[in-house]
1. Scanning the stretch 249-261 for residues that are within 15 Å of L237 (Cβ to Cβ) and of a type in the set (A, V, I, L, M), which turns out surrounded by the most Cβ atoms within 10 Å (Cβ to Cβ)?
2. Which numbered condition in (1) modelled with pLDDT of 90 or more; (2) surrounded by fewer than 14 Cβ atoms within 10 Å (Cβ to Cβ) is the only one that N271 fails?
3. So V122 ticks every box in (1) of a type in the set (A, V, I, L, M, F, W, C); (2) buried (at least 17 other Cβ atoms within 10 Å of the Cβ); (3) in the same structural domain as K84 (by TED's automatic domain parsing) but one. Which box is left unticked?
4. Would you point out the residue of the stretch 125-144, among those that are among the small types (G, A, S) and modelled with pLDDT under 95, that is surrounded by the fewest Cβ atoms within 10 Å (Cβ to Cβ)?
5. Among the residues in the stretch 75-88, are any among the polar types (S, T, N, Q), surrounded by fewer than 19 Cβ atoms within 10 Å (Cβ to Cβ) and not assigned by TED's automatic domain parsing to the domain that holds Q40?
6. Given the criterion in the same structural domain as D87 (by TED's automatic domain parsing), over 30 Å from E64 (Cβ atoms) and part of a helix (DSSP H, G or I), identify the matching residue among L132, L136.
7. Are any residues in the stretch 313-327 touching a residue at least 24 places away in the same chain (Cβ under 8 Å) and either in the same structural domain as K117 (by TED's automatic domain parsing) or over 18 Å from P175 (Cβ atoms) (or both), and if so, which ones?
8. If you check A264 against the conditions, is it among the small types (G, A, S) and under 28 Å from K286 (Cβ atoms)?
Amino acid sequence: MFIVEHFAFLYKDSLFSIALLTFVIALVILLEQMRAYYTQRKNRHFLEKFIKTQNAPMDNQGLEELLRHAKFSSLMFLARAYFKSADVEISVRILKGLLERPLNTEEKIAVLDLLAKNYFSVGYLQKSQNALKEILRFAPRNAEALLKLMHVYELEKQYQKALETLECLEELQVPEIETTKNYLYMMYLIEHQENDTKILHLATQEGLKKIALNYLKTHNIDLFWQEIDKMQYLEPLLDVLWDISYYPPLIVEKHPLLKDIARAKGLLEDNCHCQNFELEIMRSLKTAPTQAKLTFEYRCKACKQIFPFENYRCPTCYKLAFMEVVCKISKETYKEAYA
């Protein structure tokens, strides 16, 4: 009887009632989260197993069956998995099937974004552009879609349209806009072979300066050497300066790197050592039986990936990176030496 009265007292206690209610709510939430977690884990495990067993392309019947019955989240997971494994065709078919469903705006944007990535990865720039424009129809202030659309225009060399897209990003206060604007405007001027002075006027940064000098090297060699003569630090331009056949003696005398290049090529024989390590090796091997050649690779400043050719925008992370030059020395073959 005493125990019953004790519990009756607790039951009437408002603090106990609140604590009990809070405990029950927390327990329900916890159980629901556990159920959702195990369901998601089970679905993910099933899909991963499904992907591993797909040694042959999925047939139309199997894909249609999947599109009819699978949930949106499961199909998006599957489309991403096929995209990551470079099976773009299946990924695109899944995404197109999803677009035939009634989707909310957020879901439609997610599908179109992945569709644009698929098309971009295989070089279908026009289709990628169409998907991104469709995103912007639903969400005009989507900065990520605007950036991707700007990259597509840039690759298509539609620099005017890229600049127009950049104006929208400017309104959204996206960082590093000024450098990108100068870069795109410079590429526009180069593409249309505008006045060389205008191009140089935009070359306010080291990376932009290199683009301008690369252009002048083939279009206005006199202006190229005038600009080189004004510069104090030439090391980032080693690849630009290396493959030139004639070096003005008066300018060479003023710049240590140009002297090193001349020594490495055997154009200047003053028995002085080169300050640059790779150029010193080239100089030392000039009279040796084994000849060497100097080549260049390019490292992205953002993601540190290395590429055999220079790209002003990194092909991996798409950052406007203005890559670092990496010198590479290798043995010169007989054919290369006498070509």
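1. Step by step, filter the stretch 249-261, then rank; the result is I261.
2. (1)
3. (2)
4. A143
5. The initial filter retains those residues of the stretch 75-88 that are among the polar types (S, T, N, Q), namely 85.
Now drop any that are not surrounded by fewer than 19 Cβ atoms within 10 Å (Cβ to Cβ), which leaves 85.
Subset that is not assigned by TED's automatic domain parsing to the domain that holds Q40: 85.
Taking every residue of the stretch 75-88 in turn, at least one turns out to be among the polar types (S, T, N, Q), surrounded by fewer than 19 Cβ atoms within 10 Å (Cβ to Cβ) and not assigned by TED's automatic domain parsing to the domain that holds Q40.
6. Answer to the selection: L136.
7. Result: M323, E324, V325, V326, C327.
8. Numbers: among the small types (G, A, S): yes; under 28 Å from K286 (Cβ atoms): yes.
So A264 fits the description; yes.
The values are calculated or read from the model by the stated rules, or taken from the named source; none is laboratory data. Bear in mind the structure is a predicted one, so any value in this text is a computation, not a measurement. Reconstructed Cβ throughout: ideal geometry from the backbone, glycine too, with neighbour counts over all protein chains shown.
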